Structures are given as C-alpha cells and as structure tokens.
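**Q** This is the structure I have questions about; it appears just below.
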Amino acid sequence: MFRRPRRNRKTAAIREMVQENQVRVQDLIFPLFVIDGQNKKIEVASMPGIYRYSTDQLLKEIDSCMELGLRTFDLFPSIDDSLKDKYASEAYREGSMYLNAIAKVKETFPECCIMTDIAMDPYSSDGHDGIFENGEILNDPTLEVLSNMALAQAQAGADILGPSDMMDGRVAHMREALDINNFPNVSIMSYTAKYASAYYGPFRDALDSAPKAGDKKTYQMNPANSREALIEAELDMVEGADFLMVKPALSYLDIIQLLNENFELPIAAYNVSGEYSMVKAAHQKGWLDGQQIMNETLISLKRAGAKVILTYFAKEFALQEAKEA
Ligand code: PBG
C-alpha cells in the first residue's frame, strides 16, 4: 500500500494543517428579532436561546456580540396585529419601531454592519410577502412597496438590504430607487434561491407572520428544482445584487455549490429557524450533541461554497471561539 490517506489524519496537528475549510466569526450574520416597548426580552418558544428584543435590550445584545467579534446583524421586526394592513404601510412609515431600531443601532455602534429584511409579510394583514388580492400575489404593484421599504431602511442607516420576497424584478427596482435617491453604497443581499420550505415554521411563530390564506408556492421556489436557481441567480446578478443567497441551507447544499461554481459573487447560505430548532430539540432530549452538530452544520455550508452564513447559532459559535482562544 503506497497510499494511506489515514496518515494525514493521524494527529490533531496534521488534521488541522490539512483542513480545507474553516468557519470564522467574521463569516457569520446573526438574525435578531425586534419588538416594540421597553425592557423586553422574550424567548421564542420554538427556538431555545433566541429572543425577541425591545430596542434597549437589542442594543445590549449587540454589544455583547460585538465583544465576541460578531458584528453583522440581520434585524427582523415583530409587529402588533393592529399595525398590519393589506399594503404593509407600516413597513415604511417614518418613525416606525423597526426604522427607529435600525437608526439607534447604527448610532450606537457605527462600526457594526446592519442587514435588514425587505418583504411585506411581517406587516401584511394577509401574511404574504407581496400584495394579495383575490387569491393572487400581485408582482409589479408589490415592487413599489418593496422599493419604499428599501429607501426607508437605507435612510435609517442599513448597510445591506435583504429582499426575501421572491418577486420578479425586485433587485433592479430597488437598486434603481436607491441609486436615484443617492444611496449608491447600500448593498443588496438577494434571497436568490429561496425555497417554499416548512423549515420557516419557527420564524413565522417568532414574527406571527404565517400566511392567513394559501401558501407561498407561487413565489418561493419548488424544492424539487435546481436549474431554476441558475435563472434566479443570473437575474439577481445582472440586476445588481452584491451577494446571492440560498435558503434554507442544509437541504440545499447542492444549490449552494451550483451557484458558487457558476457565479463570482459571494454566496450566502441562510441556516434557517427550523434547522436551528431541530438541533436544539434533539439536544434537549439528549439525542445528539448540539454543539458538535452546530460545528458540523456550519462547516458543511462552507465546504459547499458559502462565503457568508446567516445563522441563529452565530453567537453560540462566537462564544465557543472566544473560549477556545
Ligand atoms: C419572509 C422571511 C422568512 C424568513 C426570512 N424572511 C419566512 C417566510 O418566507 O415565510 C425565514 C427565516 C427563518 O426561517 O429563519 N420574508
């Protein structure tokens, strides 16, 4: 036997030397849920360790993350039902809780990177990402709402906008609105290949944003398809996106790899709520080691070709790294 691959696994020193991929805290984006009020920190029942924060508590959480070297945050608003309407007007109302929270975070931590979410669902009385009429999602009228959101969030200080709505033409529409209004430096991380997935369940609990009627299958992608992801990626690229995202992550490692091989833009993977909840639930039952699963999950996303990872494990990972250092 001339070839013995086990020689390269014989000690920790050699294993680490030949390790091809690694996860860095700087690669991670931590999604955070924001609610109205003061002094509130409410755990999401289906996501142990993940909370909805009022802005004052959000600042504390971000501060503790920044100390661990984690500095990019994706903010999602949880809105009271009384503020929801058909056209998601709360989404771009000046002085809204969400826009104020973005501004406050940027003012307090100018060096952090704030990503925001663009889609109507947290503010829509129909619980859909676009305007819902007679059982249909209206694509083009929705683009106006999305661009209004983009401008309001850019104005508030967002660094990266995350259109998660899957309407056709949204990236070009908001890129144009941003450029005309003098926000050429605001980035767009497009939810390029966002699949119609049951893994979003716990997130919809957190935001109380589940669709009231129907599902999201006329805009989110069919889990059976991969070629369609190339079309979406091509469009996002020419429309001006700065990052291409795949979501969910673990069931779509092949899509991450496909986009990484075919596009030069950095690829992001969203390790979504349900992927987090499954690990936590099994860990709580003592059925597997949650920390090891976290590490195996994150490294698998890097191996598949993700440059950036959005994950609810971000702080836990950063804590682990700080302990080991
Ligand atoms: C909605 C949105 C969703 C997520 C991010 N933005 C859910 C959905 O499409 O219903 C899911 C994130 C997660 O599950 O962690 N625009």
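**Q** Looking at region 96-125, I want the residues that are farther than 14 Å from Ala158 by Cα and have a partner that is more than 16 Å from the ligand (Cβ to nearest atom) with Cβ atoms under 6 Å, at least 6 apart or on another chain. Which pairs are those?
**A** Note: pairs meeting the criteria are Met97/Asp36; Ser125/Asp85; Ser125/Lys86.
So that you can scan it fast, the table gives a plain yes or no per residue for (1) among the hydrophobic types (A, V, I, L, M, F, W, C); (2) assigned to a loop (DSSP other than H, G, I, E, B); (3) under 23 Å from Ala150 (Cβ atoms):
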site	(1), (2), (3)
Phe183	yes, yes, yes
Ile188	yes, no, yes
Pro202	no, no, no
Thr218	no, yes, yes
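**Q** Return yes or no: is Leu288 free of Cβ contacts under 8 Å to residues at least 24 places away in the same chain and over 30 Å from Glu133 (Cβ atoms)?
**A** On the way: free of Cβ contacts under 8 Å to residues at least 24 places away in the same chain: yes; over 30 Å from Glu133 (Cβ atoms): yes.
Spelling it out, Leu288 is indeed free of Cβ contacts under 8 Å to residues at least 24 places away in the same chain and over 30 Å from Glu133 (Cβ atoms).
**Q** Something else about it: Residue check: is Asp27 under 24 Å from Asp126 (Cα atoms), among the acidic types (Asp, Glu) and either within 17 Å of the chain's Cα centre (by Cα) or within 16 Å of the ligand (Cβ to nearest atom) (or both)?
**A** The answer is no for Asp27.
**Q** Moving on. Test Ile256 against the stated conditions and say whether it is more than 11 Å from the ligand (Cβ to nearest atom) and surrounded by 22 or more Cβ atoms within 10 Å (Cβ to Cβ).
**A** On the way: more than 11 Å from the ligand (Cβ to nearest atom): yes; surrounded by 22 or more Cβ atoms within 10 Å (Cβ to Cβ): yes.
For Ile256, the condition - more than 11 Å from the ligand (Cβ to nearest atom) and surrounded by 22 or more Cβ atoms within 10 Å (Cβ to Cβ) - is met.
**Q** Among what's in region 28-60 and is of a type in the set (Gly, Ala, Ser) and closer than 27 Å to Leu301 by Cα, pick the residue that is surrounded by the fewest Cβ atoms within 10 Å (Cβ to Cβ).
**A** Ala45
**Q** Taking Asp168 as meeting all but one of (1) surrounded by 20 or more Cβ atoms within 10 Å (Cβ to Cβ); (2) of a type outside the set (Ser, Thr, Tyr); (3) assigned to a loop (DSSP other than H, G, I, E, B), write down the number of the exception.
**A** It fails just one condition, (1).
**Q** Still on this model: Out of the residues in region 308-325 that are surrounded by fewer than 22 Cβ atoms within 10 Å (Cβ to Cβ) and out of contact with any Leu (no Cβ under 9 Å at 6 or more places or on another chain), state the one that is modelled with the lowest pLDDT.
**A** Looking at residues that are surrounded by fewer than 22 Cβ atoms within 10 Å (Cβ to Cβ) and out of contact with any Leu (no Cβ under 9 Å at 6 or more places or on another chain), I get Ala325.
**Q** Sort out which residues of region 204-234 are acidic (Asp, Glu) and within 11 Å of the ligand (Cβ to nearest atom), and write them in order of number. Outline the logic, then answer.
**A** Kept after step one, since they are acidic (Asp, Glu), are these residues of region 204-234: 205, 208, 215, 228, 232, 234.
Asp205, Asp215 - these are the residues of region 204-234 that are acidic (Asp, Glu) and within 11 Å of the ligand (Cβ to nearest atom).
**Q** With in contact with a Ser or Thr (Cβ under 9 Å, 6 or more places away or on another chain) and more than 29 Å from Gln26 (Cβ to Cβ) as the only criterion, which of Gly214, Gly201, Gly169, Gly162 stands out?
**A** On the way: Gly214 fails: in contact with a Ser or Thr (Cβ under 9 Å, 6 or more places away or on another chain); Gly169 fails: in contact with a Ser or Thr (Cβ under 9 Å, 6 or more places away or on another chain); Gly162 fails: more than 29 Å from Gln26 (Cβ to Cβ).
The conditions single out Gly201.
**Q** Given the conditions (1) closer than 21 Å to Ile29 by Cα; (2) modelled with pLDDT of 95 or more; (3) within 13 Å of the ligand (Cβ to nearest atom), which single one is not true for Ala196?
**A** All conditions are met except number (1).
The values are calculated or read from the model by the stated rules, or taken from the named source; none is laboratory data. Model, not experiment: these values are computed from the prediction. Don't worry about glycine lacking a Cβ; one is built from the backbone with ideal geometry, like all the others, and counts go over all protein chains shown.
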